[in-house]
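Encoded as structure tokens, the structure appears first; notes follow it.
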Amino acid sequence: MVRHSKLQKQVLALYRQFLRAGRDKPGFIPRIQDEFRENATIKKTDVMHIEYLYRRGQRQLEQLRDVNTKQLGSFSKPRADS
């Protein structure tokens with residue numbers, strides 16, 4: 001059995017909370033899964049970045065739990081025109 005660090009347990013708990021909160025809102029589950037999969041490639045040793053994303057995720061979870069939330073916003077880098 002794999003032993004997880006405290007931070008890993010916190011991230012997994014946050015993921016479960018996101019899935020529960022997104023259950024009642026159509027189209028949220030795939031977006032949540034994609035976001036977590038994308039960030040799963042971050043090295044385990046990059047603790048500062050993981051903690052930053054964890055805190056950001058907590059704020060987004062609070063927004064998702066709000067009954068008035070209809071969609072999740074995202075920030076993306078603009079494409080460089082060639």
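The values are calculated or read from the model by the stated rules, or taken from the named source; none is laboratory data. Computed from a prediction, not measured in an experiment: that's the story for all the values here. Every residue, glycine as well, gets a Cβ built from its backbone with ideal geometry; the counts of neighbours run over all protein chains shown. Ligands, DNA and RNA are excluded from the accessible area calculation, which covers all protein heavy atoms including side chains. Shrake-Rupley method; radii C 1.70, N 1.55, O 1.52, S 1.80 Å.
Observations
- Flag if Arg31 is closer than 16 Å to Asp66 by Cα, open to solvent by 50 Å² or more (accessible area, probe 1.4 Å), of a type outside the set (S, T, N, Q) and in contact with a helix residue (DSSP H, G or I) (Cβ under 9 Å, 6 or more places away or on another chain): no
- Test: Asp81 is surrounded by fewer than 12 Cβ atoms within 10 Å (Cβ to Cβ), of a type outside the set (Phe, Trp, Tyr) and modelled with pLDDT under 90: yes
Here is a yes/no grid of residues against (1) part of a helix (DSSP H, G or I); (2) within 21 Å of Val2 (Cβ to Cβ); (3) among the hydroxyl-bearing types (Ser, Thr, Tyr); (4) modelled with pLDDT of 95 or more:
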| position | (1), (2), (3), (4) |
| --- | --- |
| Leu19 | yes, yes, no, no |
| Asp24 | no, no, no, no |
| Pro30 | yes, no, no, no |
| Glu35 | yes, no, no, no |
| Thr41 | no, yes, yes, no |
